[in-house]
Amino acid sequence: MNDRLIPELWEWAEYYCPWCYIAAVRLHRVAKEYEGRVTFRTRPFPLELAHGEAAPRDILQQEWWLAAIQEPRAVFAPYRGDDWPTTTLPAFEAAWCAAQQGPVAAMEYDLRVRRAFFGEARNIGRPQVLFDLAREAELDLTRFQAQWESGAARAAVLAEATLGRARHADTDPGGRHPFEGPHRIPTARESADRGHQQAALRRGGV
């Protein structure tokens, strides 16, 4: 029996946050390398619940291209038109539904949602867009829809958001965050290695 502790690397993330998108791209790239040694977990941190309003478009777009130059693998494109998401809560709920189909589905879908917003100018506040992304990800749509309609996703997201605010009071994903920006974001490999080393120290009683 293998009772080895596998550390979890948490990312408290907001779908409006371009730095969280970069983190997702980097984590996705190294996930296979750390399989069985580190578990990656993205947890909801919806700023509209923490601050009482969604991220202002003008402020977010000032960060947009600053983030884009940090990671060439992250696709960014101008967001044109008025169909701007006024909330990201539906995206968090859809991500929870995807996560019920396994950790690989969770990571793949999360990255698809972020790319859809930052790279494809799709309104991730619209349920139809989120269902389209689930179809593109080849998820079990019957199961996805059933969980979406059950109300369990909203309850889970709100519970996670409450926990996130308690752990990171008065901050946002671009502030005190495992992948900090805008000055320098540690690479996903650096963060994964740090988590693996800390788990090894705990096992050794240090």
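Kindly state which helices (runs of 4 or more DSSP H) lie completely within region 52-123 and contain at least 1 residues that are modelled with pLDDT under 90 and either under 17 Å from Arg29 (Cβ atoms) or out of contact with any helix residue (DSSP H, G or I) (no Cβ under 6 Å at 6 or more places or on another chain) (or both).
Hits in region 52-123: 57-68.
Any residue that is among the hydrophobic types (A, V, I, L, M, F, W, C), part of a helix (DSSP H, G or I) and in contact with a helix residue (DSSP H, G or I) (Cβ under 7 Å, 6 or more places away or on another chain) - is there at least one of those in region 27-42?
Scanning region 27-42 turns up at least one residue that is among the hydrophobic types (A, V, I, L, M, F, W, C), part of a helix (DSSP H, G or I) and in contact with a helix residue (DSSP H, G or I) (Cβ under 7 Å, 6 or more places away or on another chain).
A quick yes/no check of all residues on (1) under 30 Å from Pro72 (Cβ atoms); (2) polar (S, T, N, Q); (3) in contact with a Lys or Arg (Cβ under 6 Å, 6 or more places away or on another chain):
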| site | (1), (2), (3) |
| --- | --- |
| Ile124 | yes, no, no |
| Val129 | yes, no, yes |
| Asp132 | yes, no, no |
| Glu136 | yes, no, no |
| Trp148 | no, no, no |
| Gly151 | no, no, no |
| Ala159 | no, no, no |
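Listed residues Gly175, Gly151; which is of a type outside the set (Asp, Glu), at positive phi and modelled with pLDDT under 95?
From the options Gly175, Gly151, the qualifying one is Gly151.
Report whether or not Trp19 is over 18 Å from Leu133 (Cβ atoms) and either touching a Phe, Trp or Tyr at 6+ places or on another chain (Cβ under 6 Å) or part of a helix (DSSP H, G or I) (or both).
yes
From Arg73, Arg57, Arg80, which residue is touching a Lys or Arg at 6+ places or on another chain (Cβ under 8 Å) and more than 15 Å from Val113 (Cα to Cα)?
Arg73
Of all residues in region 114-129, count the ones that are over 12 Å from Pro85 (Cα atoms) and either in contact with a Leu (Cβ under 8 Å, 6 or more places away or on another chain) or in contact (Cβ under 8 Å) with a residue 24 or more places away in the chain (or both).
The number of residues fulfilling the criteria is 4.
The values are calculated or read from the model by the stated rules, or taken from the named source; none is laboratory data. The model shown is predicted, which means the values in this text are computed figures rather than measured ones. In this analysis, Cβ positions are derived from the backbone assuming ideal geometry, glycine residues included, and neighbour counts consider all displayed protein chains.
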